[in-house]
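Here the structure comes first, spelled out in structure tokens, and everything after it is commentary.
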Amino acid sequence: MAIGQPSALLQYLRKSVFDPRGAQGTDGELLTEFVERRDEAAFEALVRRHGPMVLGVCNRLLANEHDSEDAFQATFLVLVRKAKSIVPREMVGNWLYGVAHNTALKARAVSVKRQSRERRMCKTQQAESERQCQNLWDDLKPLLDQELSRLPDKYRVPIVLCDLEGKAHHEAARQLGWPEGTLSGRLSRARTLLAKRLGRRGLALSVGLMVEAVSQNANSAWLPPTLASSTVWAAILYAAGQMGITATVSPKVASLVKGALKTMLMRKLIMAAAVLATAVSGVGGTGLLIYQTQAAQRPGSDKSTRIANSQSRADQNGSVSHQGTFEESRVRQLQNERLAVLKQIAADKQAQVNASQGHVTAEELMQANSAALKAELELCESENATILVLEKLVANAREFEKSEETLFKIGRCASYEFYAAKANRLEAEIELERAKAKVAPKPK
């Protein structure tokens with residue numbers, strides 16, 4: 001809980017000068033006002049707009065009301081520090097969901113060490129349908145946010161806005177700048193993916209039943225005015241730099257804020273290390289490929305002799321089909337265009353990682369890099385070139401495995417996700433060894 005509370009006079013003055021147009025602005029406009037002008041009214045509007053959803057996440061993960069309020073305050077204090085890094089700014093609700101989920105998990109870990117978790121008792125006088133719904137929610141509640149937090153942003157955002165914040169489809173579409181049909185399609189796909197993920201965790205239920213349980217139980221919590229006011233007040237002091245974090249909130253909240261910021265920094269460093277390793281591998285591979293190409297072109301080399309002989313045979317036979325040559329050239333052109341697009345996707349995802357402090361997951365970045373490298377693999381014209389690209393794939397998979405291992409050790413990913421990353425790295429290494437075996441000198 002916050003230590004300092006704003007006086008009644010200050011609360012009145014803030015409300016009396018509150019710009020009603022700011023409260024009605026988009027998330028992006030409000031966040032821009034706060035980032036560029038430190039507009040207190042804009043920040044308060046964000047707290048009141050997304051506070052119920054944030055508190056709902058904290059309530060689902062934390063049994064203790066005070067722990068939940070501490071995680072709530074920590075989430076918005078992290079927003080004060082990281083507001084500039086949110087890209088695009090209209091996605092601030094999705095960003096707050098992720099920070100609230102991670103902060104609540106940290107608070108729960110601390111609470112478990114301090115005392116055993118409290119369990120809420122259900123009323124014994126219930127209708128059978130209500131009892132069944134409650135039992136379903138008891139099973140769903142521990143898993144919902146775990147699996148929802150692992151969905152890609154384009155699927156998680158519609159669920160956060162429509163199912164957790166209760167927005168209508170047209171409202172959510174307008175906020176995101178998406179066509180309403182796109183929003184509806186991604187929401188439907190997101191619900192299906194979430195239901196499948198829950199099924200793999202042992203909770204088999206239909207999409208309709210899942211949506212009903214979420215809408216009835218996981219909807220945004222009621223935000224107490226005192227909690228909203230104290231959070232805004234602490235954020236104002238923190239943003240203005242008038243007082244340190246430990247002087248504006250309780251030590252527990254300050255610890256949660258520092259832990260969240262440290263986790264964000266660690267994630268960014270992991271991403272940067274993965275990209276650097278891939279880049280170094282690429283530079284080394286390019287140098288080796290140039291060397292091998294030059295060696296093959298030296299007069300008298302075995303490879304240059306083979307090339308000359310094959311060219312001579314083709315000229316002598318004169319049987320190459322012009323139509324076949326054209327078709328092969330067209331396929332080659334399309335493959336090169338695809339490679340350029342996939343490389344651009346990987347570069348864009350890396351730019352988002354650098355700008356948004358984890359807006360793109362390590363898995364998404366790894367998949368983008370892998371897709372580009374596999375497209376490059378199809379363009380390889382020699383075994384040595386194939387080996388070079390496979391080595392890049394191995395390096396990419398190895399760095400992703402390291403990032404998943406780090407997250408697994410700090411409780412940020414499930415064991416099966418870490419083992420899946422390990423299996424992916426092993427598969428890449430197997431393909432590399434097979435390629436090397438083809439060019440290895442055979443024993444005499």
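The values are calculated or read from the model by the stated rules, or taken from the named source; none is laboratory data. Computed from a prediction, not measured in an experiment: that's the story for all the values here. Note that each Cβ is placed from the backbone with ideal geometry, even for glycine, and that neighbours are counted across all protein chains shown.
Mind checking whether some residue in segment 31-52 is hydroxyl-bearing (S, T, Y), surrounded by fewer than 17 Cβ atoms within 10 Å (Cβ to Cβ) and at pLDDT 90 or above? Yes, that holds for at least one residue.
Would a scan of segment 46-66 turn up a residue that is over 18 Å from L144 (Cα atoms), in a helix (DSSP H, G or I) and basic (K, R)? Scanning segment 46-66 turns up at least one residue that is over 18 Å from L144 (Cα atoms), in a helix (DSSP H, G or I) and basic (K, R).
Condition check for G202 on (1) touching a Ser or Thr at 6+ places or on another chain (Cβ under 6 Å); (2) within 20 Å of P142 (Cα to Cα): one failure, at (1).
Here the condition is being modelled with pLDDT of 80 or more, out of contact with any strand residue (DSSP E or B) (no Cβ under 8 Å at 6 or more places or on another chain) and among the polar types (S, T, N, Q); of T192, T246, T231, it holds for T192 alone.
Okay, residues lined up against (1) at pLDDT 80 or above; (2) in a helix (DSSP H, G or I); (3) surrounded by 17 or more Cβ atoms within 10 Å (Cβ to Cβ):
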{"residue": "E376", "(1), (2), (3)": "yes, yes, yes"}
{"residue": "E401", "(1), (2), (3)": "yes, yes, yes"}
{"residue": "Y416", "(1), (2), (3)": "no, yes, no"}
{"residue": "Y419", "(1), (2), (3)": "yes, yes, no"}
{"residue": "K422", "(1), (2), (3)": "yes, yes, no"}
{"residue": "R425", "(1), (2), (3)": "yes, yes, yes"}
{"residue": "I430", "(1), (2), (3)": "yes, yes, no"}
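Just one residue in the set E44, E36 is in contact with a Lys or Arg (Cβ under 8 Å, 6 or more places away or on another chain) and farther than 22 Å from A172 by Cβ; that residue is E44.
When each of A109, A104, A2 is tested for being assigned by TED's automatic domain parsing to the domain that holds A239, within 25 Å of G259 (Cβ to Cβ) and at pLDDT below 85, the lone residue that passes is A109.
Within 25 Å of the chain's Cα centre (by Cα), modelled with pLDDT under 65 and not acidic (D, E), is that true of V275? Write out each step before concluding.
Values: within 25 Å of the chain's Cα centre (by Cα): yes; modelled with pLDDT under 65: yes; not acidic (D, E): yes.
The answer is yes for V275.
V87 meets each of the listed conditions (1) modelled with pLDDT of 90 or more; (2) not in a helix (DSSP H, G or I) apart from (1).
Among all positions in segment 216-225, there is at least one residue which is modelled with pLDDT of 85 or more, out of contact with any helix residue (DSSP H, G or I) (no Cβ under 6 Å at 6 or more places or on another chain), surrounded by fewer than 14 Cβ atoms within 10 Å (Cβ to Cβ) and assigned to a helix (DSSP H, G or I).
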